[in-house]
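The structure appears right after this line, and notes come after that.
Bear in mind these aren't lab numbers, they're just calculated from the coordinates by the rules spelled out. If you're wondering where the values come from, they're calculated on a predicted model, not measured in any experiment. Note that we place each Cβ from the backbone using ideal geometry, even for glycine, and neighbour counts take in every protein chain shown.
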Amino acid sequence: MTSTETLDISVVIPAYNEEEALPPLLDEVFEVLGSLGRPFEVIVIDDGSNDGTPAFLERRREVTPGLRILTLVPNSGQTAAFEAGFAAARGEFIITMDADGQNDPANIPAMLEKTAGVDAVLGVRANRQDPWIRTFAQKFANAVRNRLLGMTFQDVGCSLKVFRREIIQGVTLYNGLHRFFPYIVHMRGGRTVEVDVSHRSRELGTSKYSPLGRGIPAFLDLLMVRRMIRRSLRYTAKESQ
């Protein structure tokens, strides 16, 4: 397959130091996608890992058709990883998920069934399996985003999402904007639907999440997105016949 040919599905997975969590996750992802009978690819973006992640991915790529590996130099953050994955994706639908194993690939078929008439299907984590401080911080941040941006989403922090390629590919992103993908879809005139998905506790590897460390940068990002939404262009153009 050439780089210009399209597929049905591209799964985009940013990863940083996930040598333990990635092997079982990729097993699950390929099993689920293989059962769909639709052409697909899985793109793992190695965000400058300094553990055994790069070596594992190279070994896995050699024996796993459909697995693509992108490597960011230097470590550039989750938004950059998503942007690189979106740019490389050839699927009509782009599915995003975390590399830590907390998103369940088994939810993918049901989410794809919800894509008719919408531009993005957004996962909402039911029965969260995170420490209470993380759950509280993300619920608080979600409420603040909804209030200041004038839109209501239940769980923008859930990475398990399905996008039509044309609504997300080519979007100009800045560091931190991966937290605002649903709002960006709406800003571009897209339609969304939210669906409950399962959520699992992290069993392998180490969490990189720090509620206190993200607070101020995330709020500054919020103000930037608020300004973007307020200044976004809204018009229709009709050609004279």
**Q.** Bridge type composition, the chain - antiparallel percent by DSSP, nearest 5
**A.** 25
Q) For the chain, what's the relative contact order in percent, using C-alpha pairs closer than 8 Å and at least 6 residues apart? A) 24
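Helix-only mean residue ellipticity at 222 nm, the chain, DSSP H runs n ≥ 4 weighted -39,500 (n - 2.57), per residue, nearest 500. What is it? Write out the running numbers ahead of the final one.
Working: 8 runs with 93 residues, N = 241.
Value at 222 nm, helices only: -12000 deg cm²/dmol.
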Q | In order through segment 30-39: 3J(HN,Hα) via Karplus (6.51 cos²θ - 1.76 cosθ + 1.60), integer Hz, x for Gly, Pro | A | 5, 5, 5, 5, x, 6, 7, x, 10, x
Q.
Under a crude label model (7 Å from the Cα following the beta-carbon direction), how far is residue 113 from residue 238 in nanometres?
A. 4.1
